[in-house]
Amino acid sequence: MTPTFNKLPSNVRAGSIDVLQNALATAIDLALLVKQGHWNIKGPSFIAIHQLLDGLNAEMHDAADTMAERLVALGGVAAGSTASVAEARPGTSTDIISGQEPLLGTLIEGYAAFGADLVAWIDETAQSGDPSTSDVLTEVSRMVDKSLWFLEAHTSQATTSPQGASS
Ligand SMILES: [Fe+2]
């Protein structure tokens with residue numbers, strides 16, 4: 001870690017840096033997947049989803065920027081190259097999905113998983129004594145939940161609950 005006059009204990013900062021790096025890789029990965037979807041989407045709702053995904057990409061980029069800057073403010077080094085993201089996210093497929101429903105389904109899965117991770121990280125960083133990182137993650141969590149809603153509202157299953165989901 002780089003030296004800083006930030007008064008948080010170094011072990012607290014190290015924990016937050018780890019969490020933020022993980023969240024940053026996820027955000028960059030999702031932003032790129034969303035942009036790829038923006039380019040390749042095909043289907044009857046092309047223009048609505050094409051435009052929606054451009055907006056979601058911009059919001060995810062803003063979130064990545066905020067998290068990376070918090071990470072560096074704590075004395076960390078923000079890794080944001082495609083190579084480092086690929087290393088952190090080995091499960092991401094290189095398949096390109098164009099069909100409206102499978103594309104939205106893939107993005108919904110990605111946003112839902114990120115949303116669940118964020119809830120855990122919000123608690124973890126708050127309990128470790130870094131409320132500001134918890135606050136940054138809370139803001140990202142609100143965006144991810146809202147984006148998930150927008151994605152779900154564009155699917156044909158939008159009026160029914162997912163199987164096994166509790167309401
Ligand atoms: Fe575009």
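Residue order for THR155, THR125, fewest other beta carbons within 10 angstrom first, comes to THR155, THR125. Look at where the Cα atoms of segment 53-72 and of segment 81-156 average out, and the two centres are 11 Å apart. Within straight-line reach of LYS146, meaning a Cα separation under 26 Å, sit the following lysines at least 8 residues removed in sequence or on another chain: LYS35, LYS42. Computed on the Cα trace of the chain, the radius of gyration divided by the Kirkwood hydrodynamic radius gives Rg/Rh = 1.01.
Can you bin segment 1-84 into rounded, prolate or oblate? Criterion: square roots of the alpha carbon gyration tensor eigenvalues sorted a ≥ b ≥ c, rounded for a/c under 1.5, prolate for a/b above b/c, oblate for the rest. Don't jump to the answer; show the numbers that get you there.
Numbers: a/c = 4.19, a/b = 3.20, b/c = 1.31.
Verdict is prolate for segment 1-84.
Under the criterion of Cα pairs below 8 Å and six or more residues apart, the relative contact order for the chain equals 28 percent. Entry for segment 47-116 at q = 0.15 Å⁻¹: log10 I(q)/I(0) = -0.66, Debye formula applied to identical alpha-carbon scatterers, no solvent contribution. By other beta-carbon atoms within 10 Å, ranking LYS7, LYS35 with the fewest at the front produces LYS7, LYS35. How much net charge surrounds LEU30 when only other residues with a Cβ under 13 Å from its Cβ are counted (Lys, Arg +1; Asp, Glu -1)? Spelling it out: positives minus negatives among the neighbours equals -3. Of the chymotrypsin sites (Phe, Trp or Tyr not before Pro) found in segment 1-99, those that fall in a DSSP loop while having at most 12 other beta-carbon atoms within 10 Å are PHE5.
Dipole of the chain, Cα-centred, from +1 at each Lys and Arg C-beta and -1 at each Asp and Glu C-beta, to the nearest 20 debye?
On the way: 8 positive and 19 negative charges, 28 e Å.
For this selection, approximately 140 debye.
No value in this document is a laboratory result; all are computed from the given coordinates. Remember, it's a predicted structure, so these values are computed and weren't measured experimentally. Note that each Cβ is placed from the backbone with ideal geometry, even for glycine, and that neighbours are counted across all protein chains shown.
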